[in-house]
1. State which residue is least open to solvent (accessible area, probe 1.4 Å) when the search covers only segment 15-29 and only residues that are away from the ligand (no atom under 14 Å from the Cβ) and not in a helix (DSSP H, G or I).
2. Quick check on this structure: which one of Gln108, Gln116, Gln122 is touching a Leu at 6+ places or on another chain (Cβ under 6 Å) and part of a helix (DSSP H, G or I)?
3. Take the residues in segment 35-46 that are in a helix (DSSP H, G or I) and surrounded by 13 or more Cβ atoms within 10 Å (Cβ to Cβ); name whichever of them is farthest from the ligand (Cβ to nearest atom).
4. Condition test on Gly67, is it more than 25 Å from Asp19 (Cβ to Cβ), open to solvent by less than 70 Å² (accessible area, probe 1.4 Å) and within 16 Å of the ligand (Cβ to nearest atom)?
5. Give, as residue ranges, the helices (runs of 4 or more DSSP H) completely inside segment 125-206 that count at least 3 residues that are within 16 Å of the chain's Cα centre (by Cα).
6. Looking at Ala32, Ala80, Ala49, which is the one that is away from the ligand (no atom under 16 Å from the Cβ) and either open to solvent by 70 Å² or more (accessible area, probe 1.4 Å) or not assigned by TED's automatic domain parsing to the domain that holds Lys186 (or both)?
7. Find the residue count for segment 108-123, including only residues that are more than 26 Å from Thr70 (Cα to Cα), touching a strand residue (DSSP E or B) at 6+ places or on another chain (Cβ under 9 Å) and open to solvent by 10 Å² or more (accessible area, probe 1.4 Å).
8. Say whether the condition of being surrounded by fewer than 20 Cβ atoms within 10 Å (Cβ to Cβ), more than 28 Å from Ile72 (Cβ to Cβ) and within 16 Å of the ligand (Cβ to nearest atom) is met by at least one residue in segment 155-176.
Amino acid sequence: MFTQYSLPYGFADLEPHIDQLTMETHYTKHHAAYTNNLNAAVEKDSSLAGKSIEEILSNLDAIKDDGLRTTIRNNGGGFANHNLYFSTLSPNPASAPKGALLNQINEQYKSLEGLQEELAKQAAGRFGSGWAFLVAFKDGSLKVVNTPNQDSPLMEKSGGTPILGIDVWEHAYYLKYKNLRGDYIKAFWKALDWVQVELNYQKVAY
Ligand code: MN3
């Protein structure tokens, strides 16, 4: 049984960057639906019992039924991606990373701003619904990727582990920002807690 990440902040607490109605709808409707649909789907294939979502998403080919595989790809991806998204947002965010993550960012992207530019570029350039992710690898290296729909980098054999995700589905920003995805991405940085991203990085790179 998969359960949604439990928010340690209120729906209004990310105002004005991410508005209350968007947060409430996103969490109680969209994320809840992905979670419920995932749980219903997993029950239909006994080989999935007891597996973590990371194990399931990184081995979708093991699901024999085409329809079920698609359902789990979409809803399992949605479940995991939103757990990541909501867990990295905070009303009191650290505005920059430190330590090993900052060193790696500086090495690969010259500066935090350089990384943010690349993430914003891929988030803005994702046609239609999808995500931009910062992924990490065991050797400590980083990569910026974008995916369609609810696809996770975990679904690729060497896709790395996502440590930060920017949801660019319209449901993540349209109520406040309308068609201005770029303004939402700028606001996202103001609610992103780099301490949590660092913790995610430390779990992957060691
Ligand atoms: Mn979403």
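1. Asp19
2. It is Gln108.
3. Keep residues of segment 35-46 that are in a helix (DSSP H, G or I), which gives 35-42, 46.
Subsequent filtering for residues that are surrounded by 13 or more Cβ atoms within 10 Å (Cβ to Cβ) retains 35-39, 41-42.
Values: Thr35: 12, Asn36: 15, Asn37: 14, Leu38: 14, Asn39: 18, Ala41: 18, Val42: 20 Å.
Among those residues, the one meeting the criterion is Val42.
4. No, not satisfied.
5. The helices (runs of 4 or more DSSP H) meeting that bar are 181-191, 194-204.
6. Only one candidate passes the filter, namely Ala49.
7. Residues meeting the conditions: 5.
8. yes
The values are calculated or read from the model by the stated rules, or taken from the named source; none is laboratory data. Computed from a prediction, not measured in an experiment: that's the story for all the values here. Counting neighbours? That spans all protein chains shown, and the Cβs are built from the backbone with ideal geometry, glycine included. Please note that ligands, DNA and RNA were not included when accessible areas were found on the heavy atoms of the full protein model with its side chains. Shrake-Rupley method; radii C 1.70, N 1.55, O 1.52, S 1.80 Å.
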